[in-house]
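Okay, structure first, notes after.
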Amino acid sequence: MVNSILPDSSVIEFIKNHHVLTLATCAGPIPYCSSMFYALLEKEFCLVFTSDKKTRHITEAIQNPTVAGSIVLETETVGKIQGLQFCGKMTETSGKLKTKAVTAYIKRFPYAILSGTPLWIIEITYTKFTDNRLGFGKKLVWEKNAADVWK
């Protein structure tokens with residue numbers, strides 16, 4: 001595993017160039033997936049999204065904030081396949097981070113200002129980025145320094 005403050009710049013660019021993630025949650029024996037629009041807080045390496053507290057994925061993440069997810073490029077061309085799998089800790093935004101999250105999310109999705117639903121963040125702690133443009137099955141793995149995870 002590579003430990004650094006942020007993953008490779010190609011991972012950051014991939015995340016910035018897409019806008020839908022699939023989130024996996026589990027608070028019991030049956031996992032659940034949902035999809036949502038997101039924005040990236042690059043410096044903090046957090047994903048921001050909005051969702052109602054009554055949804056299954058939010059209810060589960062409140063009980064168990066350890067989540068996983070993916071962001072993918074849809075293509076049928078094997079040489080162009082790219083996809084990111086990630087793990088992290090999900091929380092509702094608050095404090096100074098909330099201001100940054102609101103700004104980033106509204107900038108990316110201006111119509112969201114009307115939704116009135118809470119903003120959530122996923123503090124990413126692990127990524128595995130597959131990029132076949134770099135060679136078949138090429139993987140770039142990143143993990144946040146263990147001392148920083150789950151503060």
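Some values worked out for this structure:
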{"quantity": "Spin-label zone in the stretch 91-129 - amide nitrogen under 17 Å from a point set 7 Å from the Cα of His18 along the C-beta vector", "calculated": "122-129"}
{"quantity": "Which of Thr127, Thr50, Thr117 has the fewest Cβ neighbours within 10 Å, and the rest in rising order", "calculated": "Thr117, Thr50, Thr127"}
{"quantity": "Extension gain, Ser94 back to Asn64 (0.36 nm per residue minus Cα-Cα distance, nm)", "calculated": "9.0 nm"}
{"quantity": "Too-long pairs where the Cα-Cα distance tops 29 Å, listed order kept, from Lys53/Lys100; Lys98/Lys128; Lys107/Lys139; Lys54/Lys98", "calculated": "Lys107/Lys139"}
{"quantity": "Computed E for Glu76/Lys43 - FRET, C-beta separation, R0 35 angstrom, nearest 0.05", "calculated": "0.50"}
{"quantity": "Square roots of five times the Cα gyration tensor eigenvalues for the chain, Å", "calculated": "24, 17, 17"}
{"quantity": "Spin-label pair Thr55/Tyr32, simplified geometry with 7 Å Cα→Cβ offset, distance in nm", "calculated": "1.1"}
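FYI, it's all coordinate maths here, none of it is from the lab. What you see is a predicted model; the values in this text were computed from it and never measured. When we count neighbours, we look across all protein chains shown, and the Cβ atoms used for this are built from the backbone with ideal geometry, even at glycine.
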